[in-house]
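The structure under discussion is supplied below as structure tokens; questions concerning it will follow.
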Amino acid sequence: MDPLGLIAIVASLIGLPWLILHYITKWRQAPKITVEDERMLDEMYNLARRLEERVNTVERIISADNPDFRPGLTGTSPEWKAGATAESRYQIDRRN
């Protein structure tokens, strides 16, 4: 029998199962989300939702006082970016 063929057969019969079992073991040892992590994620989600409600309330109040106010992310570039050069935006009286 050809030695190269024998090596290929041995590698496929021993090496392939070993490789598969090795990565299955690594997958099982991977860190998992704990009950405490799930609780923390739930708290963070609820906090983010409450903060979003507060921001929406503030935006409604501001838009009621100022008709030019556009609440939320509009997706357009702000007026200080649109077509203005650095020299035209700079005002000496606004320095820190």
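Looking at the structure I just gave you, is I9 in contact with a Phe, Trp or Tyr (Cβ under 7 Å, 6 or more places away or on another chain) and β-branched (V, I, T)?
no
So which of R70, R39 ends up being modelled with pLDDT under 90 and surrounded by 10 or more Cβ atoms within 10 Å (Cβ to Cβ)?
Of the residues listed, the single one that is modelled with pLDDT under 90 and surrounded by 10 or more Cβ atoms within 10 Å (Cβ to Cβ) is R70.
A further question on this structure: Would you be able to say whether some residue in the range 21-31 is at pLDDT 90 or above and polar (S, T, N, Q)?
Checking the range 21-31: at least one residue is at pLDDT 90 or above and polar (S, T, N, Q).
The values are calculated or read from the model by the stated rules, or taken from the named source; none is laboratory data. Since this is a predicted model, take the numbers as computed values, not measurements. Using ideal geometry, Cβ is built from the backbone for each residue, glycine included, and neighbour counts are taken over all protein chains shown.
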